[in-house]
Number of protein chains: 6
Amino acid sequence: MKHGARNQITGTVTEIKKGGVMCQVKVDTKAGNISSVMTLESLDSMGLKKGDQVSVLIKAVNTILVKE
Amino acid sequence: MKHGARNQITGTVTEIKKGGVMCQVKVDTKAGNISSVMTLESLDSMGLKKGDQVSVLIKAVNTILVKE
Amino acid sequence: MKHGARNQITGTVTEIKKGGVMCQVKVDTKAGNISSVMTLESLDSMGLKKGDQVSVLIKAVNTILVKE
Amino acid sequence: MKHGARNQITGTVTEIKKGGVMCQVKVDTKAGNISSVMTLESLDSMGLKKGDQVSVLIKAVNTILVKE
Amino acid sequence: MKHGARNQITGTVTEIKKGGVMCQVKVDTKAGNISSVMTLESLDSMGLKKGDQVSVLIKAVNTILVKE
Amino acid sequence: MKHGARNQITGTVTEIKKGGVMCQVKVDTKAGNISSVMTLESLDSMGLKKGDQVSVLIKAVNTILVKE
């Protein structure tokens, strides 16, 4: 599978917090903990659970650089 | 400075590619190379250059998880 | 602190509505009320509360122009 | 016309910068200058030009709050 | 009304799921079911309900292409 | 491959326009023509060309509903 997102970070799902419509999935990566928010429906259709290996895709336009 | 982006990855600017209106900035991080696209004007107002230490901010809603 | 978001609007936090995973923060600005949605965790890590002075960052790619 | 973007700021187009595929449109508003990036094709199909009155739509999830 | 989003898909609202702050609106289109997430407040201010005819706007930068 | 984007529309690449850093890819789908903007580097790493079958992924939070 090839995709048009410039950034891809692999990791392991460590926690899933569910709200009424959305959920927050935490992924342990080499760059530390990364959180992803998606709909509960997407979570269900992926069958995502703790321990799963995943890739985090991030389009380059969806990042903001900060310089101290 | 505190911000409302859940994800923050630090790194060093390694390359800047300029287009007519936008530019692509590459940042070397623990999670590999991360690209950020912004306007040339933002690049100029930040005074960003190769070797700068930066943080890459990513909102949790702007990530997509993929499971093979 | 310098950042790569082209748009920055300052204001005062007037209301915080909490959901199960996300929250909505309202900011009173010169351009009227602006709402920001973030995770509850980001809200907590910022320690955000009513009356706080904040800046609203918006990347230029995340706006849509409409002409009547 | 009703839309599902929580934030709407009105203003006047003051400048249009064109690149190869994208363009940057500057809008003078009560909250200062706001930049919007879109495709050249969207610019053409809108027939946008300097002096036009426009609304800037911004979804609440596409904002990042910063507290100094 | 003219807008700066390159993609527009029309359809009919078939379901609305409400959370604490956000909601998910499902729209039946020629391309199948499309889900949109917005704040409950935007839902209310639009007065959106099942059976409504709507357009789904999507900026070109907010899509990711995938090739198997 | 399973992904956390709620919306997926399949189609055929019909045109690729290149700028200095970004490009615009047009995809013919059941819902009409859909444009996707990505970096030239992502285009190259995907090896995308006219006639390719692709899926367009769109997160539910990245859509805006409009009611006339």
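Is it possible to state the helix-based mean residue ellipticity at 222 nm for the protein assembly as shown, with each DSSP H run of 4+ residues giving -39500 (n - 2.57), the sum divided by total residues, to the nearest 500 deg cm²/dmol? What is it?
Taken over the protein assembly as shown, the calculation gives -2500 deg cm²/dmol.
Using the basic label-point model (7 angstrom from Cα toward the beta carbon), what is the F:Asn33 to A:Asn33 distance in nanometres?
Here the modelled spin labels are 4.7 nm apart.
Taking the Cβ of B:Gly11 as the center, what net charge do the other residues with Cβ under 15 Å away carry, scoring Lys and Arg +1 and Asp and Glu -1?
For residues surrounding B:Gly11, the net value is +3.
Sort E:Met1, D:Met22 so that the residue with the fewest other Cβ atoms within 10 Å of its own Cβ comes first and the one with the most comes last.
E:Met1, D:Met22
Normalised by the empirical 2.2 N^0.38 Å for globular proteins, what value does the Cα Rg of chain B take?
Normalised by 2.2 N^0.38 Å, the Cα Rg of chain B equals 1.18.
Can you pick out the pairs among B:Lys17/F:Lys59; B:Lys18/D:Lys49; A:Lys26/A:Lys49 whose Cα atoms lie more than 18 Å from each other?
B:Lys17/F:Lys59; B:Lys18/D:Lys49
Just in the stretch B:31-63: which trypsin sites (Lys or Arg not before Pro) are loop by DSSP and have at most 16 other Cβ atoms within 10 Å?
Listed in order of number, the matching sites are B:Lys49, B:Lys50.
Pop the C-beta distance of A:Glu68 and B:Lys50 into the FRET formula with R0 = 22 Å and round what comes out to the nearest 0.05.
E(calc), rounded to 0.05, equals 0.80.
Once amide H atoms are built 1.01 Å from N in the peptide plane, which residues 5 or more positions from B:Met22, or in another chain, come under 5 Å H to H?
For B:Met22, the qualifying residues are B:Leu40.
In units of 2.2 N^0.38 Å, what is the alpha-carbon radius of gyration of the protein assembly as shown?
0.90
Just so you know, all these numbers are worked out from the coordinates, no wet-lab data involved. Note that this is a predicted model, so its numbers are computed, not measured. We place every Cβ from the backbone using ideal geometry, glycine too, and count neighbours over all the protein chains shown.
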